[in-house]
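S.K.: So that we are looking at the same thing, I have put the structure below in structure tokens.
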Amino acid sequence: MWTERALFRRDRSLGAPGDQFDEDGQDWMLPAYDWRRSRATTTAGCAGASATRARCSTACASTTSSACSARTRPATGLRDADDKLVPGSFDPPEEAAQRRQGAAVLQAMIEAAGRAGATLVAEDLGCIPDYVPEVMKRLALPGYRVLIWERDDDGFRDPRAYPRRSVACFATHDTAPVAAWWRALADAEREQVRARCRANLSAMSSRQNQR
């Protein structure tokens, strides 16, 4: 931010909308991207794309949370009289613009990561727009699948049904340690997990034997 000040807005603060962990949402006290000034991320020589590539080359990792759109609130007067975070808004607000921006920013990140010998992985967790998986698929960009969150009314989803390009893990910094999660499961849920593991190990063994 200090070297590319023109690409940021210091009157807005980045954050996240409310979710199951915090209905009030989050404020990260970070300056928001000024997408209007760096809109030309689709062209190779623009400042926005150059800064994105430089940042990604240094970190060799990033997330989708600020690629398609950014959730921001005013940098001052963040809380109302009841000490609640004031409602935020997305920039850009329109889905078509978010699609274009997300594809352009992520493509710049993918290129920078590739030059550094790294692979970009999108943190597509939480409440994401319906179009994000489509953009990721078009860019062949892998996303995350957290096993303990992948469930529906019938229980835990079979990992074999995850998108082929996925990085699967048991937990994140927002969850209990795996051992604590396992102890808290009901007996039926624990048995379902065991069954999933047995089925997947059996399938892996069959494929290896066929080779």
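S.K.: Taking Cα atoms, how many degrees apart are the long axis of helix 187-210 and the longest axis of the chain, rounded to 10 and kept between 0 and 90?
M.R.: Tilt relative to the chain: about 80 degrees.
S.K.: Just to be sure I understand: of the beta bridges DSSP finds with both ends in the chain, what percent are antiparallel, rounded to 5?
M.R.: The antiparallel proportion sits near 75 percent.
S.K.: What is the distance, in nm, between label points placed 7 Å from the Cα along the Cα-to-Cβ direction at TRP28 and at ARG165?
M.R.: Calculated label separation equals 2.2 nm.
S.K.: Oh, and also: Over the Cα atoms, compute the radius of gyration (one decimal) and Dmax (the largest Cα-Cα distance, rounded to a whole number) for the chain, in Å.
M.R.: Here Rg and the maximum Cα pair distance are 20.2, 67 Å.
S.K.: Let me ask you something else. On alpha carbon coordinates alone, what is the Rg over Rh value for region 144-211, Rh being the Kirkwood radius?
M.R.: 1.00
S.K.: Another question about this same structure. State, to one decimal in nm, how far the label point of TRP149 lies from the label point of ALA195, with both points 7 Å from Cα in the Cβ direction.
M.R.: 2.6 nm
S.K.: Let me ask something else. Return an integer: the convex hull volume of the alpha-carbon atoms of region 69-145, in Å³ per residue.
M.R.: Value for region 69-145: 128 Å³ per residue.
S.K.: Can you give me the relative contact order of the chain as a percent, contacts being Cα pairs under 8 Å and 6 or more apart?
M.R.: 15 percent
S.K.: How far is helix 47-59 tilted, in degrees, relative to the longest principal axis of the Cα atoms in the chain, given as a value from 0 to 90 rounded to the nearest 10?
M.R.: Around 40 degrees separate the two axes.
S.K.: Would you list ASP82, ASP34 from fewest to most Cβ contacts within 10 Å? Mind showing how you got there, number by number?
M.R.: Working: ASP82 5, ASP34 20.
Ranked by crowding around the Cβ, least crowded first: ASP82, ASP34.
S.K.: May I ask you to order 118-129, 87-98 by the average number of other C-beta atoms within 10 Å around their residues, highest value first?
M.R.: Listed from highest to lowest mean packing, they are 118-129, 87-98.
S.K.: With labels modelled as points extended 7 Å from the Cα through the Cβ direction, what inter-label distance (nm, one decimal) is found for ASP130 paired with ARG79?
M.R.: 3.7 nm
Where a number appears in this text, it was derived from the coordinates with a stated rule and is not lab data. These figures come from a predicted structure and were not determined experimentally. Every residue, glycine among them, receives a Cβ derived from its backbone with ideal geometry; neighbour counts consider all protein chains shown.
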